[in-house]
1. Suppose we filter region 41-65 for residues that are within 23 Å of Asn84 (Cβ to Cβ) and either within 12 Å of the chain's Cα centre (by Cα) or touching a residue at least 24 places away in the same chain (Cβ under 8 Å) (or both); how many remain?
2. Scan region 57-109 residue by residue and report those that are over 20 Å from Cys133 (Cα atoms), in contact with an Asp or Glu (Cβ under 6 Å, 6 or more places away or on another chain) and of a type outside the set (D, E, K, R).
3. Considering each residue of region 121-137, count those that are under 12 Å from Trp38 (Cβ atoms), without any contact (Cβ under 8 Å) to a residue 60 or more places away in the chain and either part of a loop (DSSP other than H, G, I, E, B) or basic (Lys, Arg) (or both), and give that number.
4. Starting from residues that are farther than 14 Å from Asn124 by Cβ and at pLDDT below 95, keep the ones in region 21-32 and report whichever is farthest from the chain's Cα centre (by Cα).
5. Can you tell me which of Val88, Val68 is assigned to a strand (DSSP E or B) and either at negative phi or of a type in the set (D, E, K, R) (or both)?
6. Considering only region 45-70, state which residues are touching a Leu at 6+ places or on another chain (Cβ under 8 Å) and either at pLDDT below 95 or within 15 Å of Lys112 (Cα to Cα) (or both).
7. Which residues, taken from region 95-119, are touching a residue at least 40 places away in the same chain (Cβ under 8 Å), among the aliphatic types (A, V, I, L, M) and either under 13 Å from Phe19 (Cβ atoms) or not in a strand (DSSP E or B) (or both)?
8. Which condition number in (1) more than 26 Å from Arg9 (Cβ to Cβ); (2) assigned to a loop (DSSP other than H, G, I, E, B); (3) among the hydrophobic types (A, V, I, L, M, F, W, C) is the one that Phe47 fails?
Amino acid sequence: MHAKMTKNRPLVAVRILIFRDNQILLGERVNINAQGTWGPPGGHLEFGESFETCAIREVKEEVGIDIVKPTFFAVTNDFYEPDNKHHVTIFMKCDFPAEQVIQNMEPEKISKWEWFDWHHLPENMFLAMKNLCLQKS
C-alpha cells in the first residue's frame, strides 16, 4: 500500500546523544510537542548546515556546553501522528566534556536535564528516541 502523495515533506532533525560513564543526557519536554516525554538535545537541521555543526549548535543552545567531534550514530524515520509531522532524525553521539556544566538554557521547553543509564531509560520516551531504542535492541 502506498502513502498518499502530498506536497508535505519530512523535516530533518538532529538529536545528540551525550554519553558519560555509560549514561546518556535526556531532557523532559514541556510546552512543546510530545510534552512529558524524555529526549536528547536537538532540533532541526538548518539549510546548508552539516550534521556536526547542527549538533554543536543545538547542544550549545539547549544545554550550554561546547561539544567536540560529534559522530554519526543512527537514523530513524519518525511519524508524529497527533501533530501530523514527519521527521527523519539523524542521531549524533559525543562524549560529555567533563570540565563543563550542564545548564537548562530553554526552561520554557525543557523542565530539567538528567543522566540515565543507557540500559535503564525512562518509559515515556520522545518518539525518535523510542524508535532508536527499538532499532538498536
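1. 4
2. Residue satisfying the conditions is Met105 alone.
3. Our first condition is that a residue be under 12 Å from Trp38 (Cβ atoms); within region 121-137, this holds for 121-130, 133.
Subsequent filtering for residues that are without any contact (Cβ under 8 Å) to a residue 60 or more places away in the chain retains 123, 130, 133.
With the extra rule that they be either part of a loop (DSSP other than H, G, I, E, B) or basic (Lys, Arg) (or both), the set shrinks to 123, 130.
Matching residues across region 121-137 total 2.
4. Let us first name the residues in region 21-32 that are farther than 14 Å from Asn124 by Cβ, namely 21-25, 31-32.
After this cut, where a residue has to be at pLDDT below 95 as well, the list is 21-22, 31-32.
Values: Asp21: 19, Asn22: 17, Asn31: 16, Ile32: 14 Å.
Filtering first and then ranking leaves Asp21.
5. Working: Val68 fails: assigned to a strand (DSSP E or B).
Checking each option against the conditions leaves just Val88.
6. Val63
7. Result: Ala98, Ile102, Met105.
8. Among (1) more than 26 Å from Arg9 (Cβ to Cβ); (2) assigned to a loop (DSSP other than H, G, I, E, B); (3) among the hydrophobic types (A, V, I, L, M, F, W, C), Phe47 violates only (1).
The values are calculated or read from the model by the stated rules, or taken from the named source; none is laboratory data. Here the structure is a predicted model, which is why all the values come from computation and not from measurement. Glycine gets a Cβ as well: all are built from the backbone with ideal geometry, and neighbour counts include every protein chain shown.
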